[in-house]
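Take a look at the structure below.
The values are calculated or read from the model by the stated rules, or taken from the named source; none is laboratory data. On a predicted model such as this, the values are computed, not experimentally measured, just so you know. Here the Cβ positions follow ideal geometry from the backbone for every residue, glycine too, while neighbour counts run over all protein chains shown. Surface areas here come from the heavy atoms of the whole protein model, side chains and all, with no ligands, DNA or RNA. Shrake-Rupley method; radii C 1.70, N 1.55, O 1.52, S 1.80 Å.
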Amino acid sequence: MKRFLFLFAALLSLATPAAFADTLTVAVAANVQYAFDELQAAFRKDTGHDLKPVFSSSGKLTAQIMSGAPFDVFLSADMDYPEKLHTEGFAAAAPKPYAYGALVLWTMKDLDLGKWQDALTSPAVSRIAVANPKTAPYGRETMKALAYFRLDTALKDKLVYGESIAQTNQYIHSRAADAGFTAKSVVLSPEMKGQGKWIDVPKAAYRPIAQGIVVLKHGQQGNPKLAQQFQDFVLSAKARAIFERYGYLLP
């Protein structure tokens with residue numbers, strides 16, 4: 001018995017941190033999907049712990065959290081949804097901004113984006129993809145940008161709505177839509193870089209999309225140290241460099 005206990009203790013002493021790794025479940029706004037792969041790899045390398053992401057629109061994720069979904073941390077596409085969760089008691093503390101997202105117009109077709117307003121109103125464009133403004137912050141800001149340029153009425157019948165930025169991207173990439181508005185992080189991702197053509201939407205046309213992170217009550221109760229560790233990582237210089245590579249502006 002003593003020999004067995006000695007061997008067991010020796011094995012424990014040699015075990016790597018990954019052998020005792022926990023997995024954190026993270027609700028992730030769809031616009032962060034591509035950057036998240038790098039965040040996940042860097043966090044795993046630094047801590048030995050893994051992340052299980054669930055991607056959707058921020059509005060849908062918020063509804064799921066309020067219905068009891070077991071998410072530990074929420075990476076939102078805005079500040080409003082995580083602030084709502086904090087106010088209504090679903091988060092451990094107030095959210096913190098981790099990045100500012102930018103809007104782009106993206107197309108797989110040979111459109112003249114130097115004259116993008118004319119291109120969108122021309123007969124050459126019949127379908128324009130936009131994320132659902134009721135649940136997706138990028139969709140909400142797209143509608144503000146269209147109103148800014150007085151295009152909202154002219155383009156109303158051309159708009160097709162994706163449930164999230166992810167579905168909007170599918171419409172654009174598959175050419176189901178002639179063009180569409182999406183997050184700059186998408187067109188700069190390794191998976192999509194160099195595909196089609198894109199142009200920045202002038203920043204004066206919409207409110208900078210402050211994106212917030214918040215530790216949820218489920219994370220606070222189930223694995224508070226790891227949840228806080230991940231939030232600290234997302235706000236760190238290493239994570240900020242990743243966000244910057246994907247076209248995000250930094251707080």
* To do: Output the number of the condition that S76 fails; it satisfies all remaining conditions of (1) buried (at least 22 other Cβ atoms within 10 Å of the Cβ); (2) over 21 Å from L226 (Cα atoms); (3) of a type outside the set (F, W, Y).
  => (2)
* Tally of residues being touching a helix residue (DSSP H, G or I) at 6+ places or on another chain (Cβ under 6 Å), open to solvent by 30 Å² or more (accessible area, probe 1.4 Å) and free of Cβ contacts under 8 Å to residues at least 40 places away in the same chain across segment 119-159 -> 4
* Condition broken by V201, with the remaining ones in (1) under 19 Å from A27 (Cα atoms); (2) buried (at least 16 other Cβ atoms within 10 Å of the Cβ) satisfied -> (1)
* Asked: Is one or more of the residues making up segment 92-99 closer than 19 Å to W198 by Cα and either in contact (Cβ under 8 Å) with a residue 12 or more places away in the chain or not aromatic (F, W, Y) (or both)?
  -> no
* Structure fact -> Restricted to segment 69-97 and to residues being in a helix (DSSP H, G or I) and over 14 Å from G219 (Cβ atoms), the residue farthest from the chain's Cα centre (by Cα) is T87
* Of all residues making up segment 98-114, the number that are in contact with a helix residue (DSSP H, G or I) (Cβ under 8 Å, 6 or more places away or on another chain) and either charged (D, E, K, R) or within 27 Å of D78 (Cβ to Cβ) (or both) -> 11
* Given (1) open to solvent by 20 Å² or more (accessible area, probe 1.4 Å); (2) at pLDDT 95 or above, number of the condition R207 does not satisfy -> (2)
* Candidate set from segment 49-68 (those that are part of a loop (DSSP other than H, G, I, E, B) and modelled with pLDDT of 95 or more); member that is most open to solvent (accessible area, probe 1.4 Å) -> S67
* Structure fact -> Counted residues in segment 165-198 being touching a strand residue (DSSP E or B) at 6+ places or on another chain (Cβ under 7 Å), hydrophobic (A, V, I, L, M, F, W, C) and closer than 18 Å to S58 by Cβ come to 4
* Quick one: is Y100 under 24 Å from L249 (Cβ atoms), of a type in the set (S, T, Y) and in a helix (DSSP H, G or I)? -> no
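Which ones in segment 177-194 are over 20 Å from the mean Cα position of the chain (by Cα) and either among the aromatic types (F, W, Y) or over 20 Å from A136 (Cα atoms) (or both)? Full working, then the answer.
Kept after step one, since they are over 20 Å from the mean Cα position of the chain (by Cα), are these residues of segment 177-194: 177-179, 194.
Those that are over 20 Å from the mean Cα position of the chain (by Cα) and either among the aromatic types (F, W, Y) or over 20 Å from A136 (Cα atoms) (or both): D178, G194.
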* Complete set of residues in segment 117-153 that are among the β-branched types (V, I, T) and in a helix (DSSP H, G or I) -> T121, T142, T153
* For segment 154-178, which residues satisfy the criterion of being at pLDDT 95 or above and in a helix (DSSP H, G or I)? -> A154, L155, K156, D157, K158, Q167, T168, N169, Q170, Y171, I172, H173
